[in-house]
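Please read the structure below before turning to the comments.
The values are calculated or read from the model by the stated rules, or taken from the named source; none is laboratory data. Treat the numbers as computed from the prediction; the structure is a model and nothing was measured. Virtual Cβ from ideal backbone geometry, glycine too; neighbours counted across all protein chains shown.
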Amino acid sequence: MAISMKRPQGTEDVTPKQIYKWTTVERIVRETAESFGFQETRIPTFESTDLFLRSVGETTDVVQKEMYTVKAKETEFTLRPEGTAGTIRSMLQNGLLNDALPQKMFYILSCFRHERPQAGRLREFHQFGVEMAGSPGPASDAEIIALGKAILDRAGIQNIVLNINSIGCPACRADYHKALREFLNPHREELCETCQTRLEKNPMRILDCKSPICSKIAADAPLILDYLCDGCQTHFDKLKEYLAVMKIDYVINPKIVRGLDYYTKTVFEFITTDIGAQGTVCAGGRYDGLIEQLGGKPTPAMGFGMGLERLILTMESQGCEFEQPHTCDLYLAPMDETAVPVAMQIAQGLRASGYQVEYDLMQRGLKAQMKYANKLKASFVIVLGENEIRTKQVALKNMQTGEQTELRLDDTFEDKFDDIAIQYLFHDVVEEFEKECLE
């Protein structure tokens, strides 16, 4: 009896019928990042476990509950749960921070976290992220936020709100941690087991706990904004000034602390209510101590991550447009075996010119081939029979208009097809442009 194999829970297949949505968002994020001067980088799928312990933080949900870790002999590796730590490790190892600053990188990669699967939250998910290293000023924070907004705007997303906060620096955060412990200590026994251990190590993690009980307790906790030092307050005030200059609307949300330990000062999230509870589409902030923590010289840095699944979900829910896939330009319908070599030759020539060309590989009859050409949404069809091969004369049928054009199968066939196809495609572009103008 055959066993039916299924994909692992928390993963998704992207079939050819859906891939155009992915190529749309990947093009949007890549082109927008490049317009801001960011360059693409690629990092390994797994890293030393210690990299994530030192960067993400031992008290975070990611490290305590969600990482996929494997041992190979005496070495321990972890599938990357996020992209920042590996990218910073790559910058250090490859000496990129010795070049002109700021260094600006972006990546598109898969990440892995053992979470309860739900809409917009998978165990294998895909992330677009940017990292900027070397610039300490709030103008960099505003630039990173502007890049996130530019991507969302270009994708056509509406009803999304930018939430910003400052979680201070190690100096002012020490006073805040003291006040937070004083507030939480009376509730110690009510906290979940994980948060009880966080209370001494990093009480801010309790503010990010998903437990309803912990969330309720933390609702009335002191706010970090009331404990900012003069430097952090000035940095935050300047950020707000720069966002106003760029006409980027925001709300101050003192509850945002982000789920990873490396953040300092500015943190932000772009939030929508259109995809259910998991409404954060883009999130990030500053992490000025991370590079030093990983063995480099003290270097300020910041960035963000954007879940592509959530971006696509949001675009779908709002009816945003995706680029439609390129369909078949020409379908060749050989009537018998003797016409197949001719179809092959025509296909080879036109494919080399950049056209998408297909011909029958299933030995179908002509009627079945025409149905198949319609399913392929072929722009043109050529039927190849004994008479066409003998006379070297074919009829190029426009499948949208039904119009037929006579062509000769000689050395200039590719050029003639090119002329007709370009006119046809240009006509569609003009029609679409005129339609948009009338609207």
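With respect to residue 239, determine if the residue is within 24 Å of residue 29 (Cβ to Cβ), in contact (Cβ under 8 Å) with a residue 24 or more places away in the chain and not assigned by TED's automatic domain parsing to the domain that holds residue 66. Break it down stepwise before answering.
On the way: within 24 Å of residue 29 (Cβ to Cβ): yes; in contact (Cβ under 8 Å) with a residue 24 or more places away in the chain: yes; not assigned by TED's automatic domain parsing to the domain that holds residue 66: yes.
Against the criterion (within 24 Å of residue 29 (Cβ to Cβ), in contact (Cβ under 8 Å) with a residue 24 or more places away in the chain and not assigned by TED's automatic domain parsing to the domain that holds residue 66), residue 239 qualifies.
Among residues of the stretch 10-31 that are touching a residue at least 24 places away in the same chain (Cβ under 8 Å), those with a Cβ under 6 angstrom from a residue that is of a type in the set (Lys, Arg), sequence gap 6+ or separate chain, pair up as 10/123; 28/154.
Tell me, please, whether a residue that is of a type in the set (S, T, N, Q) and part of a strand (DSSP E or B) can be found in the stretch 164-172. Spell out how you get there, then give the answer.
Of all residues in the stretch 164-172, those of a type in the set (S, T, N, Q) come to 165-166.
Right, trim to part of a strand (DSSP E or B) and you get 165-166.
For the stretch 164-172, residues of a type in the set (S, T, N, Q) and part of a strand (DSSP E or B): present.
Conditions tested, residue by residue: (1) outside any strand (DSSP E or B); (2) not charged (D, E, K, R).
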| position | (1), (2) |
| --- | --- |
| 82 | yes, no |
| 85 | yes, yes |
| 97 | yes, yes |
| 131 | no, no |
| 136 | yes, yes |
| 151 | yes, yes |
| 162 | no, yes |
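Out of 206, 224, 217, one residue alone is surrounded by 15 or more Cβ atoms within 10 Å (Cβ to Cβ) and closer than 22 Å to residue 251 by Cα. It is 224. Considering the stretch 53-66, and only residues there that are within 21 Å of residue 108 (Cα to Cα) and touching a Lys or Arg at 6+ places or on another chain (Cβ under 8 Å), the residue that is modelled with the highest pLDDT turns out to be 66. Here residue 69 meets the list (1) modelled with pLDDT of 90 or more; (2) within 22 Å of the chain's Cα centre (by Cα); (3) among the hydroxyl-bearing types (Ser, Thr, Tyr) almost entirely, failing just condition (2).
Of the residues making up the stretch 54-71, none is of a type in the set (D, E, K, R), crowded, with 20+ Cβ neighbours inside 10 Å and not in a helix (DSSP H, G or I).
From the list 92, 101, 122, which one is of a type outside the set (Val, Ile, Thr), modelled with pLDDT under 95 and at negative phi?
Working: 92 fails: modelled with pLDDT under 95; 101 fails: modelled with pLDDT under 95.
After ruling out the rest, the residue left standing is 122.
Restricting attention to the stretch 99-156, the residues being without any contact (Cβ under 8 Å) to a residue 24 or more places away in the chain and of a type outside the set (D, E, K, R) number 1.
Considering only residues that are of a type outside the set (Ser, Thr, Tyr), in a helix (DSSP H, G or I) and over 32 Å from the mean Cα position of the chain (by Cα), which ones fall in the stretch 220-229? Break it down stepwise before answering.
Step one: list which residues in the stretch 220-229 are of a type outside the set (Ser, Thr, Tyr), which gives 220-226, 228-229.
Checking the rest, the ones that are also in a helix (DSSP H, G or I) come to 224-226.
Selection gives 226 alone.
Being under 39 Å from the mean Cα position of the chain (by Cα) and assigned to a helix (DSSP H, G or I), is that true of even one residue in the stretch 321-337? Within the stretch 321-337, not a single residue is under 39 Å from the mean Cα position of the chain (by Cα) and assigned to a helix (DSSP H, G or I). Quick one: is residue 112 within 17 Å of the chain's Cα centre (by Cα) and under 26 Å from residue 140 (Cα atoms)? No; evaluated as a whole, the condition is false for this residue. No other residue among 3, 19 is of a type in the set (A, V, I, L, M), loosely packed, with under 14 Cβ neighbours inside 10 Å and within 21 Å of residue 155 (Cβ to Cβ) apart from 19. Within the stretch 228-266, the set of residues being farther than 17 Å from residue 135 by Cβ, at pLDDT 95 or above and surrounded by 20 or more Cβ atoms within 10 Å (Cβ to Cβ) comprises just one member, 228.
Considered as a group, the residues in the stretch 174-219 that are in a helix (DSSP H, G or I) and in contact (Cβ under 8 Å) with a residue 60 or more places away in the chain include one that is nearest to the chain's Cα centre (by Cα), and that residue is 208. For the stretch 314-337, a residue qualifies if it is surrounded by fewer than 20 Cβ atoms within 10 Å (Cβ to Cβ) and either of a type in the set (A, V, I, L, M) or in contact with an Asp or Glu (Cβ under 7 Å, 6 or more places away or on another chain) (or both), and the qualifying residues are 317, 318, 328, 335.
Considering only helices (runs of 4 or more DSSP H) fully contained in the stretch 341-439, which possess at least 1 residues that are modelled with pLDDT under 95?
Values: elements: 366-375, 386-391, 413-438.
Helices (runs of 4 or more DSSP H) meeting the threshold: 386-391, 413-438.
When residue 82 is tested against (1) more than 25 Å from residue 153 (Cα to Cα); (2) in contact (Cβ under 8 Å) with a residue 60 or more places away in the chain; (3) in contact with a helix residue (DSSP H, G or I) (Cβ under 8 Å, 6 or more places away or on another chain), only condition (1) is not met.
For the stretch 273-315, what are the residues that are of a type in the set (A, V, I, L, M) and part of a helix (DSSP H, G or I)? Please lay out each step first, then the result.
If we filter the stretch 273-315 for residues that are of a type in the set (A, V, I, L, M), which is where we start, we get 275, 277, 281, 283, 290-291, 294, 301-302, 306, 308, 311-313, 315.
Selection gives 290, 291, 308, 311, 312, 313, 315.
When only residues in the stretch 36-56 that are in contact (Cβ under 8 Å) with a residue 40 or more places away in the chain and of a type in the set (Ser, Thr, Tyr) count, which is nearest to residue 152 (Cα to Cα)? Applying the filter and picking the extreme gives 41.
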